[in-house]
Structure formats: structure tokens, C-alpha cells
1. Where in the chain are the helices, taken as whole DSSP H runs, whose Cα atoms extend 15 angstrom or more along the long axis and whose Kyte-Doolittle mean reaches at least 0.5?
2. Peptides 184-192, 316-324, 385-393: what's the order by average Cβ count within 10 Å, highest mean first?
3. Please find, in a Gaussian network model of the chain (springs between Cα atoms separated by less than 10 Å), the residue of Glu89, Glu52, Glu261 whose mean-square fluctuation is greatest.
4. Please work out the C-alpha center-to-center distance from region 243-283 to region 57-117 and express it in whole Å.
5. Rank Gln244, Gly97, Ser11 by how far each Cα sits towards the positive end of the charge dipole of the chain (+1 on Lys, Arg Cβ; -1 on Asp, Glu Cβ) and give me just the farthest.
6. What's the local net charge at Lys153, with K and R +1, D and E -1, over the other residues with C-beta under 13 Å away?
7. Using the 10 angstrom Cβ neighbour count as an exposure proxy, how do His204, His126, His84 rank, fewest first?
8. Over region 1-140, what is the relative contact order in whole percent, taking alpha-carbon pairs under 8 Å and six or more residues apart?
Amino acid sequence: AVDISKLRDLSGFVTLDTGYKNTGCTKSAITFLDGEKGILKYRGYGIEELAEKSSFIEVAYLLIYGSLPTADQLKDFQFQISRHTLVHEDMKKFFDGFPSKSHPMGQLCSLVCSLSAFYPESLSPHPTKEEQNLTIIKLLAKMPTIVSWIYKKSLGHPIVYPQNKLDYVSNYLNMTFGQRTEEVEIDPVVVSAMNTLLILHADHEQNCSTSTVRIVGSSECNLYASISAGISALWGPLHGGANQAVIEMLEKIKNDGGDTEKWIAKAKDKNDPFRLMGFGHRVYKNFDPRAKIIKKACDDILDKLGIDDPVLDIAKKLEEVALSDPYFVERKLYPNVDFYSGIIYRALGFPTDMFTVLFALGRLPGWIAQWKEMRENKEPIGRPRQIYIGETDRAFVGIGDR
Ligand code: ACO
């Protein structure tokens, strides 16, 4: 790789790489990804081992601060988070303004950006280490509360306040599936599944939403606004929104009689905009290691919860056919993380339009870590160049003569 960013005598020369397929934008020590070999590591630890042996909050600490926490560091981290789980009561008024069926991702990006209005210590373009850390803790603490409120709003149910004696994931599940008057018993199978899903989504180097967080933050914009921009980028169906699109597609195929061959033919037809959602990845060209773990978790959870989901059969059929079809083989299109995550979220009882919000909840520590690294490395403002192909030198024509 050649670092041309330090060269000052290249005026007139621009590298054109739409979609940044081969353009690096930073040096990062957070996540290692080898797309050919299907390797994903956070701070040097394999994703398989982290998913099996650690909790989401440990992984969050690892990504943000660089190493796995000691028992004392973890206790302190959890304590700090638990002190900030409440969200300013005035923010509840926003919910009165949203239509009850508005998409949760639209609500989430507005609410996260609004945190900057309530917690203005985040606004300094050059926060002290303490101010920056406080914002990080607040964001980690308040995001599950906000996400659970969004869900309660969609049901028209009263919100459930955080219970700080619970661990991060159980607290979130209690605020989501619990009721105001009683604490529900959270099934450890569900807590473990949620931990796995959140860990697998926690970071993925310079993807669309993460690059957005870094580029917005590079203008010295505050962390809440930068993360809110990342949430917007995640929403699209070619990125995080794919997990919702996958289930919608599987439902459609099921309701259409379950003819997977017909839908695969549609995906291959270049005159048809339909794509097989949950297939393909910009970087993974052999397999997505997260999909491998999720596929197994999916089988385990459906089995443990005793759920027989017909869309899973459609998913398995699609995977089988697609993986032996030359169109998909030649283009190296394999199931990605979103292909199976939706089936698990569904089994856990989440409605489809909450799936991408859950992705955001998992990706939060990665976005924070990437924003923090970018600021600590004093990276310059992100400002891509272009090649202008429009008109030049046009004479102005008055409105009466056009
Ligand atoms: N179904 C059918 N054909 C596909 C698919 C698909 N899911 N994905 C790619 N292709 C085809 C393209 O039509 C193209 O074919 P061509 O060479 O004949 O023109 C070729 O494969 C390469 O595709 P690109 O779009 O150039 O690949 P790119 O790296 O730009 O896109 C992406 C990657 C966006 C993930 C794409 O594979 C896609 O749209 N997948 C479906 C959406 C999805 O699952 N997104 C989630 C990604 S993972 C995540 O964000 C967590």
C-alpha cells in the first residue's frame, strides 16, 4: 500500500475509486479482517473465541480501550455504565411526536443525536479525556434504554426503567420484554443468544456506517452526532437494513409458494433489480465467519426454544441452491451475517423493523472505538476529491430566454 496523503505535489492527480473498493482511509489497530481466508479479529482476538467465551460488555471494553478488562476494570466499567442508564425525562416527549408506526431507525438516529442537547459536555471540539470518557459511558448506558423505549412505543406500552442490578444485556431484555409492574425472568438462553449476536456485530473495520462515523467525527463534530450519522448509514438495505430485508424476502418467498428456484432466477436476472438479501459481501469472498457462528447459534436457539420456523427451511433451501449455482459461485456470493441474524431476532420475539436497531446496539462499541482512535490519531478532516464531468463555461441565459 502506498500512502499518498503526505504528498503535497500531486495537484491535478486524483485517484478515482467509487465505493472505495481499494482505497484505505486510515491505519487502524482495532479490527483485523481477511476476506479471502474469512478471518475476523477484534484487537487480535478471534471472533469465534470472543463469541464463545466473553460477554458483550467485555468486548465493548476491549474494542474501546484496547485490551480485555481485568475483573476490577470490568466491575468498574459496569458500575459507571449503570450510573448513567436513565435518559433525561424530557426526551420522553419526543415519543409523543413520532407516529406510532414510524420506523425505529428514524427514531433512533434522532434520539441519539438529541442526547447532545441534554448532555452538552459532549459538545467541546477538544474534550478532555474525562469529558470524552463520560460521553462514551453515557452513550453505552443510554442506548439500550432508548432502544427499549422505541420498542415499547411501537406496542403502545408504558416504558420500563433500567434495573441497575442486572447485567447490560439482561437489563436491556428486561426493559424490552418486562413490564413496569413486575420484573420478568429472563431466560439465560436468550441472554446468551443476545450476547453472541451483539458481539458478532460489535465492529467490522471501515464499513459504510463506521466510515461515516469517522468522517463526520473528523470535522470535530461531537460523538452523539457522529454516531447518529452512523445509524443513518446503517439503515440502508445494502448495509444493516439487510437483516430486516432478509426476513421480508423469506416471508415473501414462503407466501409465494416457497419456490426458491424462481427467486434465485430473479436474483440472477440483470433486468430485475431484485437481489438475494443476505448474500454477498464487499470484503468476504469465501465465507463470512460471523455467518458461520450465527448459523450454528440459530439452530441451537430454535432447538432450545422449541421453535419450528418455516422461514428457516426456505433460508436453508436458498443457501443450498445458491451455493451450488455458478452465478453465485463465480461471484463469490455467500450468506453474510444478516442472513441468519433475523431468524434469531424473530425467535427471540422482536418485530422485523427492530432488527436493524439491534444491529446498531451491537455496533455501538465499534463506532465509539473507531471515533476515539480517529480523534486520538489526530486524523485530518475527511474530504474526498472528485473528477468533474459537468458543463464548463456556460453563458448565463435570462429566465425569459430559456
Ligand atoms: N444477489 C444477486 N446478485 C448479487 C448479489 C445478491 N445479493 N450481491 C452481488 N451480486 C452480483 C452483482 O449483481 C454483481 O454482478 P455482475 O458482476 O454480474 O454485475 C456482482 O455480484 C458483484 O456485486 P457488487 O454489487 O459489485 O458487489 P459489492 O461489493 O459492491 O456489494 C453488497 C456488496 C452490497 C453486500 C452486495 O453483495 C449486496 O447488495 N448484497 C445484498 C444486500 C446485503 O445482504 N447486504 C448486507 C451486507 S453485510 C452488512 O452490511 C452487515
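Computed from the coordinates by the stated procedures, all read-outs in this text should not be read as laboratory data. If you're wondering where the values come from, they're calculated on a predicted model, not measured in any experiment. No Cβ is skipped: glycine too gets one built from the backbone with ideal geometry, and neighbour counts run over all protein chains shown.
1. 104-118, 188-201, 223-235, 337-348
2. 316-324, 184-192, 385-393
3. Result for the chain, Cα springs under 10 Å: Glu89 fluctuates most.
4. 34
5. Ser11
6. Here the charged neighbours net out to +2.
7. Lowest to highest Cβ neighbour count: His126, His84, His204.
8. Value for region 1-140: 12 percent.
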